[in-house]
Amino acid sequence: MPRKIETLAVIPARTASTRLPEKPLLKLAGRELVLRVLDGVRSSSEVDRVVVATDDERVARLVESEGGEAMMTPPELPTGSDRVAFAAGRIESRFVLNVQGDDPMVTKDVIDPMIEALRGNPDAGLAVLVKKIDNLEETERPSIVKMVFDRDMRALYFSRSPIPFARDPKAPPDYFKHIGPYAWRREALFEFSSWATTTLEKAESLEMLRLLEHGRTIKCILTERDSIEIDTPEDVRQFERYIEEGVF
């Protein structure tokens, strides 16, 4: 009898990126991006099964050539979360990890704490990673998702703007950003995917706000590890510098 699946990890991997065409197949320091992400997820003992959800047969063949599992998803699915829900609907599990297919720095040290947080917080439908912003220039970049949370590490809001507002610029508050994968309770993922896009979600273009607007709990886990999403040629060079310098 197959072992019961507690945690399913899904890596959505589309090739139709406008800034970096065929991004999952792009080589970083000699290894394709999708395989680097797969390697990182496989490092976690908390993950029972890993599936790469893709609409491109070349990606599927590459993953399978490395002993991985690929699932073809409909090309019309609009977001990575939709691909994750599509895959999760076909595989029974307790938790569903959504690992961004362009984040090659995901490893067990960021995955495992999120799964542990879901086990210990039954009211939370989603767990996310947060990191203190060390470079204040990041607070002004819309591509960096800032967030605030309460004393019990429950998310209050996510924004592309700097939050909280620094009333006294000489004594700025600590700023935090959301990074890396999402860890879903399976039923929360399906509930989320059944809802229409909400007002704040549309305004900020941030999916997490859909959960908050419906009054659901998002558990935040502090991490010291940063991540890098591969969206531009400079991101590729930055990651390769990390490899060369032994940072990752």
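A count restricted to region 195-207 and to residues that are in a helix (DSSP H, G or I) and under 17 Å from Ala85 (Cβ atoms) stands at 1. Would you call Arg61 farther than 22 Å from Thr232 by Cα, loosely packed, with under 15 Cβ neighbours inside 10 Å and at pLDDT 95 or above? Against the criterion (farther than 22 Å from Thr232 by Cα, loosely packed, with under 15 Cβ neighbours inside 10 Å and at pLDDT 95 or above), Arg61 qualifies.
Among the helices (runs of 4 or more DSSP H) confined to region 10-129, the ones with at least 2 residues that are touching a residue at least 24 places away in the same chain (Cβ under 8 Å) and out of contact with any strand residue (DSSP E or B) (no Cβ under 7 Å at 6 or more places or on another chain) are located at 33-42, 80-88, 108-120. Here the condition is being in contact with a Lys or Arg (Cβ under 7 Å, 6 or more places away or on another chain), among the aliphatic types (A, V, I, L, M), surrounded by fewer than 20 Cβ atoms within 10 Å (Cβ to Cβ) and within 26 Å of Thr232 (Cα to Cα); of Leu20, Leu25, it holds for Leu25 alone. Residues that are in contact with a Leu (Cβ under 9 Å, 6 or more places away or on another chain) and either under 20 Å from Val128 (Cβ atoms) or not assigned by TED's automatic domain parsing to the domain that holds Val130 (or both) within region 164-177 comprise Tyr175, Phe176, listed in sequence order.
If the condition is being modelled with pLDDT of 95 or more, of a type in the set (A, V, I, L, M) and surrounded by 15 or more Cβ atoms within 10 Å (Cβ to Cβ), then region 139-162 contributes Val145, Met147, Val148, Met153, Ala155. Within region 208-248, restricting attention to residues that are of a type outside the set (A, V, I, L, M), assigned to a loop (DSSP other than H, G, I, E, B) and closer than 18 Å to Phe176 by Cβ, the residue that is modelled with the highest pLDDT is Thr223.
Among the residues that make up region 48-60, is at least one of them over 19 Å from Val34 (Cα atoms), out of contact with any Leu (no Cβ under 6 Å at 6 or more places or on another chain) and of a type in the set (Asp, Glu)? No - not one qualifying residue is present in region 48-60. Considering only residues in region 130-162 that are in contact (Cβ under 8 Å) with a residue 24 or more places away in the chain and either charged (D, E, K, R) or part of a helix (DSSP H, G or I) (or both), the one that is nearest to Ala117 (Cα to Cα) turns out to be Arg154.
The values are calculated or read from the model by the stated rules, or taken from the named source; none is laboratory data. This one's a predicted model, so the numbers in the text were calculated from it and none came from an experiment. So basically every Cβ, Gly included, is an ideal-geometry build from the backbone, and we count neighbours across all protein chains shown.
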